[in-house]
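Nothing in this text is a laboratory measurement; each read-out follows from the coordinates by a stated rule. The structure presented is a predicted model; accordingly, all values stated were derived computationally and were not measured. Neighbour counts are summed over all protein chains in view; Cβ atoms, including those assigned to glycine, are modelled from backbone coordinates with ideal geometry.
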Amino acid sequence: MIAVLASVIVHSPVVRAMAGARGAGFPASYLTVYRPAELALLALAGPLIAVAGAPVPASWAARARTASALRAE
């Protein structure tokens, strides 16, 4: 989640710097990729997907012997 936040913050300055180094410009649509509603949806979807995918490996680890579970890591 930290990497996603950092990439959203850094995207616009990096694209502008690349365009400036090339001596060209980009349309505004290249700079405003995500709207706040989409970012909020992504922020909610990430943990939701993680919680949905966690029970299967967690149940395996709970049933497995400690050494087997640690070796599988």
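For Arg71 and Val51, the FRET efficiency from 1/(1 + (r/R0)^6), where r spans their Cβ atoms and R0 equals 35 Å, is about 0.85. Here the gap between Ala43 and Val15, fully extended at 0.36 nm per residue and compared with their Cα-Cα distance, gives a gain of 7.8 nm.
Computed from Cα positions, the angle between helix 36-53 and the longest principal axis of the chain comes to roughly 20 degrees.
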